[in-house]
Amino acid sequence: MKMTRRYFLQASGLAAAYCGLAPSLSLGNAALPDDKLKQVTRKKTLVTIFLRGGMDGLNFVVPFGDPQYYAMRGSIAVPAPGMGSANLRTGNALDLDGFFGLHPNAAPLMPLFKSGQAAALQAVGYSRNTRSHFEEQDTWETGMIGNTIASDGWLNRHLVTSKGNGVIRAVALGDTLPRILRGQASAFAVRGITDLAMPGGALPPEAQAVMGAALEHAYKVDPKAAQPHARQLLADSAMTTMEGIEQIKKVTATPYKPKAVYPKGKFGKQLEDVARLIKADIGLEVAEIDYGGWDTHQNQLNSYGNLVQGLADGIAAFCKDLEDRLDDVLVLTLSDFGRTAAENGTGGTDHGWANCMLAIGGPARKATGGSLKPVLGTWPGLAREKLYEKRDLAHTTDFRDVLGEVVSVHLGNDNLKTVLPGHTFKPVGLVSV
């Protein structure tokens, strides 16, 4: 096959779009010297699911034991277990511990809670929430408070301060690389692992050689040039891109038969791809998936249940597919912020403050001692005087404590002063080795 300029640009452009290497380098957060890099724990994987839009945690992990919940959410409240209610369109909450219950559409997750492989953490947030989607997604993705513009993602800082066990350490399933993975370290953004074939099929060997040589020439490092370190990082990223593509192609060359039936649609396929990469033993330690639509200002009953159902069906299938490998995998949910404690005038909820997070997998079971603690954290209460600004659930756990515990305990990287700078950490008890 002739390697024309047009074909090269098409092929390399497709690789760049799919592999999603960060286009800029945050040189203010320089990589640590080699002797300071932490070797990550082998075969551990973190899967983050970002629930974009601000998920209503009060209707996901329902505080049915707090009477103020029903006083403030007359038309959208989830009835307590066994409660008769005119609002049975939602079904009754599934009892977790006598005070909290799970939204009925999250029933596929109940076996995981009962076995201790799932836990929820309520009232998570931080003290400077702006209630802005843009600013709060940046904050949760960078792990930085008030300085998100110049910051890279906290997951990328984990990558750049540690040593992995393979070329493909981090993958985002989506069209672009999310902020949480942008920075100095290489990370791949793919729409789907089966979409990586170049136009007209895989590149023949002679074309691969031409492309490799072109990339090597484009990113050749001159030690006398300005910012040689930055050029070296770009060169390393270019080579990692090509190696990563070839590794993923090898994975897709073998037919995959999942051990579970995933829900149809984008989210289910993304989870299936992540499971496939984990089982391929290529060193994947971080995966990111977006699951949006949670900005429920109006008619929340008409959309929220479907969102919960999709999330629960996907995670349940993912866990079943992984089987015993789930012992080394942690699924963690994040979101912009919580919702107002009271429903608004249009049957919805507005931008709020604290929220719940879900942790699912073997590390959660080890931390919570089986099914003894399905819901963690200090509950601040929904009485008006207990609410933040008399409208929102107050936060009692800083989200950076959760992120820090996940990075240090699950992934094995204790360089937290670089990964999440400017924070004094407190144990959460959400995950364990």
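Some points to look at:
- Residue 352, sole failed condition from (1) more than 30 Å from residue 277 (Cα to Cα); (2) surrounded by fewer than 22 Cβ atoms within 10 Å (Cβ to Cβ): (2)
- Test for residue 135: is it at pLDDT 65 or above and more than 21 Å from residue 34 (Cα to Cα): yes
- Within region 306-342, considering residues that are touching a Gly at 6+ places or on another chain (Cβ under 8 Å) and β-branched (Val, Ile, Thr), the one nearest to residue 409 (Cα to Cα): 329
- In region 77-169, counting only helices (runs of 4 or more DSSP H) that sit wholly within it, the ones holding 3 or more residues that are within 20 Å of residue 425 (Cα to Cα) span 133-142, 154-160.
- As for region 411-421, it holds no residue that is closer than 28 Å to residue 349 by Cα and modelled with pLDDT of 95 or more.
- Which numbered condition residue 180 fails, given (1) aliphatic (A, V, I, L, M); (2) assigned to a loop (DSSP other than H, G, I, E, B); (3) in contact with a Ser or Thr (Cβ under 9 Å, 6 or more places away or on another chain): (2)
- Identity of the residue in region 251-296, of a type in the set (Lys, Arg) and touching a residue at least 24 places away in the same chain (Cβ under 8 Å), that ends up surrounded by the fewest Cβ atoms within 10 Å (Cβ to Cβ): 259
- Selection within region 384-406 - surrounded by 21 or more Cβ atoms within 10 Å (Cβ to Cβ) and not in a helix (DSSP H, G or I): 387, 392, 393, 395, 397
- Flag if residue 294 is within 18 Å of residue 138 (Cα to Cα), of a type outside the set (Gly, Ala, Ser), touching a Ser or Thr at 6+ places or on another chain (Cβ under 7 Å) and not in a strand (DSSP E or B): yes
- Of all the numbered requirements in (1) part of a helix (DSSP H, G or I); (2) hydroxyl-bearing (Ser, Thr, Tyr); (3) more than 18 Å from the chain's Cα centre (by Cα), residue 424 misses one, and that requirement is (1).
- Residue within region 325-339 that is crowded, with 21+ Cβ neighbours inside 10 Å, outside any strand (DSSP E or B), under 18 Å from the mean Cα position of the chain (by Cα) and of a type in the set (S, T, N, Q) present: no
The values are calculated or read from the model by the stated rules, or taken from the named source; none is laboratory data. Computed from a prediction, not measured in an experiment: that's the story for all the values here. Reconstructed Cβ throughout: ideal geometry from the backbone, glycine too, with neighbour counts over all protein chains shown.
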